[in-house]
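Structure first, commentary second.
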Amino acid sequence: MAPERIPLLLPLLILALLPRAGGRSDLRAFVVAHSHMDVGWIYTVQESMHAYAANVYTTVVEELMKGEERKFIAVEQEFFRLWWDLVATDTQKQQVHQLLQEGRLEFVIGGQVMHDEAVTLIDDQILQLTEGHGFLYETFGFRPQFSWHVDPFGASATTPTLFALAGFNAHLVSRIDYDLKADMQKNKKLQFVWQGSPSLSESQEIFTHVMDQYSYCTPSHLPFSNRSAFYWNGFATFPDPPKDGVYPNMSLPVTDTNLHQYAQTMVANIKERAAWFRTSDVLWPWGCDKQFFNASVQYSNMDLLLDYINKHSGEFGVTVQYATVGDYFQAVYSRNLTWEIRNSQDFLPYSTEPFQAWTGFYTSRSTLKGIARRASSLLYAGESFFTQYILKHPAGSVCKCKALKQLQSLRWAVSETILKCKVQHHDGITGTESPKVRDMYMTNLMYGVFNVKKLMASIIFDMNNAKKNGEVYSSVYPKDSGISGAADLDQYVVVYNPLAWNITTFVTVSVGNLAMSVYDELGHPVPAQVQTSVESPSTYDLYILVAISGLSYRKYSVKPLDGKQSAFIGRSIKYKRRDVARAGQQSRQLFPVVNSCYQVLFDQSTNLMHSITERETNQTVQLTQEFLEYHVNGDTTKGPISDNYLFGPNASAVPVSKAVGLEVVSGALMTEIRQFFYSNVTSQDYLYAVYTRIYTVPEGYDGKLLCHRIEQEYSVGPLELNREAVLRTSTNLNTKQLLYTDNNGYQMQKRPFKAYVNNTVARNYYPMVQTAYIEDDTTRLMLVAERAHGVSSQGNGQVEVMLHRRLWNNLEWNVNNNLTLNDSSVVRPVIWLILGTKAVTNILYQTSALALEHRPVVIFGALSGDKPKLPGQLQQNSVRGSPVTVPPNLHLQTLSIPGWRYSSNHAEQIRSIRMGKQKEGDPDFSRVLLRLRHLYEVGEDPVLSQPVMVDLKSLLKGLGSVTVVEERSLTGTWDVNTLKRWKWKTAQYPGKGFFNSKKTSENFTVTVHPKEIRTFFVYFQSQ
């Protein structure tokens, strides 16, 4: 959680001044007890468990058992699962089962955490939801049906769609722009039916409630006391709970003396809130951050207060009751009102007041954002690799249970971590956590990455009958490691394509020699290029051209120079460093870099890019790039600040480089343009660097994607303090300052530039999770990224990407909690540029974004001995069975073995839980989780936007013989044939009732419509 930083808009009014809301019948307040428990943020998970989190569940369960009227909602699984596994007694576990059956304890959201909505990828959102829902269903037979997304910093339109697909009946958010919330409050428009996806529209719409200005916390002010209000247990202390049990700022106990005053305060707030909503049902959240660690004092005081108000309900015009979120939404649903429809527009960016634009976190801790995405990509590859191994090699030597635990360690790091912390949390991937929490995330991610690399290497060993005295390494990113030049070892590279398409791309390995040869399984030479490394003068980068079928791997041997079959050598030409400021005084000399798709011109007078020509249409776009920095204030007495969350520039961005150096490394397969940006002509060290790569694809290879991308890698940092670094790309496209950015890699949002009285620059920044573009009437420039960034269009034809931030300020709250973002790292993000007509880029951008996200996994190393046999082994053990290949408008979103032991039959699952016969023992390796996602919107492309019919039996025949397919909800816990979500009345669709899901045909054929995500359990014939 982070503070709202918004002043109380309206003071509490005395009861006598408040009429009953709109003259309606008596108000009914639903008092929802909750504790907002951040998984990370300022304190590590272990610190929070010790200080307060374990006590929340211990005392809440105890107190709920004492009073039949008492209720509580548990929002996330992270701390609950720790408590369940490490703290809870058998008696407490039995009580939790009872409370859930009675509806007095309710899990809402049900994911591992309350995920961030701005900078997270859809894959990771689904993963963390699936992990949490799987645990709840396996343990309790419970399936969450309501959200409580109260703390993410803005609301994405992807989230309501995912929650609808997961079977939710209603969605709840809080943090939206302050001025928009004020307007919605005034006009009673805080509740609506949200059609988050323009293509899915009505079928996956969901009723959405936006919390009012008080958000998810109980009003903290009492007119008759200088202590907090309704927080009778006070506030948690770190690192240890106080020995005497007296916590800071404990509310006044309820007594006969102050009972009426307490009641007046609570009723006044209920009536104030009621005036902002259409029904007489009032949601009254009771709790806040780190609350209910002493539930006894909480409930014993609130019992008295609720009882008093109800006994005087005629006087107050209000009744009150303990409730869950489900109770509240059920009451609103039963009103049978007609609700307005909100379209697919999101609630980003988010500001809490004019100078507090929460747009800085889109870029904060770029290194963590990059590693989290790399880990997610490796997990995606490891899941399908392991699934294929289990299905094709059931008698293999790799221990299945141990292997699943290795995968789970990365599932729980991307989604939860082995130490139970969750990087997708809204104070995790956002970069808004303290340094020690960042270190916790990084440690757990790297531990999970190591485990999955180790697993994949073990499978390669086993499938190739290799001797275990060799070494295997793995790479999920260019130049992680490399191959030595040892002559007595047979060097090999195994490259796995985790996508369900055929790919043609380059993989990069660091080598010790300039003269190298590469051969495939049959001993045929493979196109490759070797050149000096940008990172180390003593090593070389070997680029290997690979063509691999879907979910398949190829093996290549790498050897020292072998005559005519050696790899191409990239030759370097270094150009004189140029003074950019004096460039206008010189005659312009342009030199081209060309492949089949583009001609890129560079200006020798500046060493900067000049233009790009798309060769098929001969359309030329003037294009230049420069690095700039926003200077920000660090002294709160001198004005607004930037911090982990906020972006508050002093003025326009300032160019940082007055001189640019240039080196061009060209070869038959690839040309790399290395630009180095210096503060002046005589500077020793460069401030920034750009490495631009353009590829040439030989005859006989499908180079469509490879040819159409201009790959850029940047080196940024360390920055000076209170600087925010951006790369600005300026073109002659007449874009009218209209920008498009993605929501979570799932759908695009239109971002017109908006003028504000204050803070216009920061409030026009948006998250780019994967894709952004600008365009004019004919031509589009797309940016595809492998980590999240802030992005903006501050001028016509411009797009700028924030790449790095380094900040410090003296705001007491930030300093005390070590949240000042003094990030002195060097970051190396990658962005691909794609230029072309709208029709061409529509075809390219989805597959390009996934190709960047899920680059091939490279496993390389050395096997000693048996050298003559290895090529034969490689030849015989190339991909077995048919590759898994989906049509170009579909994406194989998930192929994994989750290991859950629950029954697919809900009645059977509930029966086994209530009889205490939950399945024990080894995980279930027979159930395969499959998801297919349609990549295109309705009408986006005349061909690719069409529905796709898929024969699952045929698609998966390379894995085995499919015997059973069950279609499930997004997270797997519902059979879609029995899932009936609430359908809320709207003017467009006046009928109220339930949504009925689609059924899978009996012959294993499904039709996937635009933007659908279809989830299946697949079972194969035993081998």
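Residues in the stretch 500-559 that are open to solvent by 10 Å² or more (accessible area, probe 1.4 Å), under 20 Å from residue 700 (Cβ atoms) and either part of a loop (DSSP other than H, G, I, E, B) or among the small types (Gly, Ala, Ser) (or both): 501, 502, 520, 521, 522, 523, 524, 526, 527, 547, 549.
Filtering the stretch 757-784 to residues that are within 26 Å of residue 648 (Cβ to Cβ) and part of a loop (DSSP other than H, G, I, E, B) leaves 757, 758, 759, 764, 765, 769. Scanning the stretch 255-284 for residues that are outside any helix (DSSP H, G or I) and more than 19 Å from residue 333 (Cα to Cα) gives 255, 256, 257, 258. Restricting to the stretch 750-773, what's the tally of residues that are crowded, with 19+ Cβ neighbours inside 10 Å, more than 26 Å from residue 367 (Cα to Cα) and under 25 Å from the mean Cα position of the chain (by Cα)? Going through the stretch 750-773 one residue at a time, the tally reaches 1. Of the residues making up the stretch 823-844, those that are over 19 Å from residue 371 (Cβ atoms) and either hydrophobic (A, V, I, L, M, F, W, C) or open to solvent by 30 Å² or more (accessible area, probe 1.4 Å) (or both) are 832, 833, 834, 835, 837, 838, 839, 840, 843, 844. Candidates in the stretch 331-354 are the residues that are of a type in the set (S, T, N, Q) and open to solvent by 10 Å² or more (accessible area, probe 1.4 Å); of these, the one that is nearest to residue 187 (Cα to Cα) is 338.
Do we find that residue 896 is modelled with pLDDT of 95 or more, in contact with an Asp or Glu (Cβ under 6 Å, 6 or more places away or on another chain) and either surrounded by fewer than 16 Cβ atoms within 10 Å (Cβ to Cβ) or over 30 Å from residue 839 (Cβ atoms) (or both) in this structure? When the stated conditions are applied, residue 896 passes them. Of all residues in the stretch 90-106, those that are aliphatic (A, V, I, L, M) have Cβ atoms under 9 Å from Cβ atoms of residues that are open to solvent by 60 Å² or more (accessible area, probe 1.4 Å) and assigned to a loop (DSSP other than H, G, I, E, B), 6 or more apart or on another chain, in 99/65. Count of the stretch 62-102 residues, restricted to those that are in a helix (DSSP H, G or I) and within 19 Å of residue 148 (Cβ to Cβ), is 9.
Residues in the stretch 969-979 that are open to solvent by 10 Å² or more (accessible area, probe 1.4 Å) and in contact (Cβ under 8 Å) with a residue 60 or more places away in the chain: 974, 975, 978, 979.
Quick one: would you say residue 367 is hydroxyl-bearing (Ser, Thr, Tyr), under 17 Å from the mean Cα position of the chain (by Cα) and not in a loop (DSSP other than H, G, I, E, B)? Criteria met by residue 367.
If only residues of the stretch 573-617 that are surrounded by 13 or more Cβ atoms within 10 Å (Cβ to Cβ) and among the small types (Gly, Ala, Ser) are counted, the one that is farthest from residue 680 (Cα to Cα) is 596. Restricting the first member to the stretch 436-449 and to residues that are within 13 Å of residue 43 (Cβ to Cβ), and the second to residues that are open to solvent by 50 Å² or more (accessible area, probe 1.4 Å), the beta-carbon pairs closer than 8 Å and six or more apart or on different chains are 436/818; 437/43; 440/419. Which residues, counting only those in the stretch 685-738, are among the basic types (Lys, Arg), in a loop (DSSP other than H, G, I, E, B) and either closer than 22 Å to residue 844 by Cβ or at pLDDT below 95 (or both)? Correct list: 709 only. Taking the stretch 236-268 as the range and being more than 20 Å from residue 316 (Cβ to Cβ) and of a type in the set (Asp, Glu) as the test, the residues that pass are 240, 244.
Residue check, residue 803 against (1) at pLDDT 95 or above; (2) in contact with a Gly (Cβ under 8 Å, 6 or more places away or on another chain), all met but one. Which one? Answer for residue 803: the failing condition is (2).
In the set (1) modelled with pLDDT of 95 or more; (2) open to solvent by 40 Å² or more (accessible area, probe 1.4 Å), the condition left unmet by residue 879 is number (1). Restricting the first member to the stretch 636-661 and to residues that are open to solvent by 60 Å² or more (accessible area, probe 1.4 Å) and among the hydroxyl-bearing types (Ser, Thr, Tyr), and the second to residues that are part of a loop (DSSP other than H, G, I, E, B) and at pLDDT 95 or above, the beta-carbon pairs closer than 9 Å and six or more apart or on different chains are 652/794. Could you check the stretch 668-684 and list, in sequence order, the residues that are more than 23 Å from residue 616 (Cα to Cα), of a type outside the set (A, V, I, L, M, F, W, C) and modelled with pLDDT of 95 or more? Result: 674, 675, 678.
The single condition among (1) open to solvent by 10 Å² or more (accessible area, probe 1.4 Å); (2) hydrophobic (A, V, I, L, M, F, W, C); (3) modelled with pLDDT of 95 or more that residue 863 does not meet is (3). The number of residues in the stretch 22-41 being modelled with pLDDT under 80 and buried (at least 24 other Cβ atoms within 10 Å of the Cβ) comes to 1.
The values are calculated or read from the model by the stated rules, or taken from the named source; none is laboratory data. Just so it is clear, the structure is predicted and the values come from calculations on it, not from any experiment. As a convention, Cβ positions derive from the backbone with ideal geometry for all residues, glycine included, and neighbour counts pool all protein chains shown. Remember, those area values only see protein heavy atoms, side chains included, never the ligands or the DNA or RNA. Shrake-Rupley method; radii C 1.70, N 1.55, O 1.52, S 1.80 Å.
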